[in-house]
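J.: Pasting a structure below so you can have a look.
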Amino acid sequence: AEGARALAWLRARGFEDAVLRRACIGYQLIERDEEREAWGLVGGNVPWLSRGILIPFFSGGACLRLQIRRPVGTPKYTSIVGSRNIPWNFDAVDGTKPVVLTEGVFNALIVQQRAGDVCVAVAAGSTTSAREAKWVACLQAAPAVLVAFDADLAGDTCAEWWVARLSNSVRLSPIFGDVNEMALSGCDIRFWVKSGLGLALDEEDDV
């Protein structure tokens, strides 16, 4: 009941309850500081938990990053101290399906909900996150990668970074804003993804 408003916000953004449960999306009720030792940390900053929607990032079955989408304040998103710089949903990348790479988790989540039968949706977690060589190499092994970062200057700039390093990628810019905004406006996300895949795979054949 304490998270009812947050759940209502997520539903209003188009997310189905089953999809939220599979992604283990949760809610942090109050702001508080944690003991470093309880989080397996030695020295450094105290883990600070903001109030907001809790987004876990898993790798190999373990939660290695926790991001919180705050209802108010700046920054809008914060990662808890000790979090690894890993992308969201990367365990689902297996080299058999094309990948849609987005900036934020909610954008990837709506792609997974609407077009998960034709692609795997992955989120970097921010404009400059998840740039380690091992993530790049894994994406390079996919049939195609659609770089669907936000339709703004920061999104375009960071998309260029990925396209320059992934020979199997194309820039698939949202028609406006970001992918979740498109979905809220009634755009057919599955059709948009399939159109992008047609472009990417045609280019790959040409090469």
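The values are calculated or read from the model by the stated rules, or taken from the named source; none is laboratory data. Quantities reported herein were computed from a predicted structural model and do not represent experimental measurements. Note that each Cβ is placed from the backbone with ideal geometry, even for glycine, and that neighbours are counted across all protein chains shown. In case anyone asks, the SASA skips ligands and DNA or RNA and just uses the protein heavy atoms, side chains included. Shrake-Rupley method; radii C 1.70, N 1.55, O 1.52, S 1.80 Å.
J.: Which one of Val46, Val72, Val93 is more than 15 Å from Ser129 (Cβ to Cβ), open to solvent by 60 Å² or more (accessible area, probe 1.4 Å), of a type in the set (A, V, I, L, M) and in contact (Cβ under 8 Å) with a residue 24 or more places away in the chain?
T.: After applying the criteria, what remains is Val46.
J.: So how many residues does the range 145-169 have that are within 14 Å of Thr102 (Cα to Cα), in a loop (DSSP other than H, G, I, E, B) and either open to solvent by less than 10 Å² (accessible area, probe 1.4 Å) or touching an Asp or Glu at 6+ places or on another chain (Cβ under 6 Å) (or both)?
T.: So the count comes out to 3.
J.: Continuing with the same structure: Name the one entry in Gly14, Gly26, Gly3, Gly52 that is surrounded by 12 or more Cβ atoms within 10 Å (Cβ to Cβ), over 19 Å from the mean Cα position of the chain (by Cα) and under 29 Å from Gly186 (Cα atoms).
T.: After ruling out the rest, the residue left standing is Gly3.
J.: Arg65: in contact (Cβ under 8 Å) with a residue 40 or more places away in the chain and either open to solvent by 40 Å² or more (accessible area, probe 1.4 Å) or not in a helix (DSSP H, G or I) (or both), yes or no? It would help to see each step written out before you state the result.
T.: Values: in contact (Cβ under 8 Å) with a residue 40 or more places away in the chain: yes; either open to solvent by 40 Å² or more (accessible area, probe 1.4 Å) or not in a helix (DSSP H, G or I) (or both): yes.
Against the criterion (in contact (Cβ under 8 Å) with a residue 40 or more places away in the chain and either open to solvent by 40 Å² or more (accessible area, probe 1.4 Å) or not in a helix (DSSP H, G or I) (or both)), Arg65 qualifies.
J.: Within the set of pairs 6 or more residues apart or between chains, which connect a residue that is within 15 Å of Ala124 (Cβ to Cβ) inside the range 152-178 to a residue that is outside any loop (DSSP other than H, G, I, E, B) and of a type in the set (Phe, Trp, Tyr) with Cβ atoms less than 8 Å apart?
T.: Ser169/Trp162; Leu172/Trp192
J.: Identify all residues within the range 120-138 that are touching a residue at least 24 places away in the same chain (Cβ under 8 Å), of a type outside the set (Val, Ile, Thr) and surrounded by fewer than 24 Cβ atoms within 10 Å (Cβ to Cβ); write none if there are none.
T.: Ser126, Ser129, Ala130, Arg131, Glu132, Trp135, Cys138
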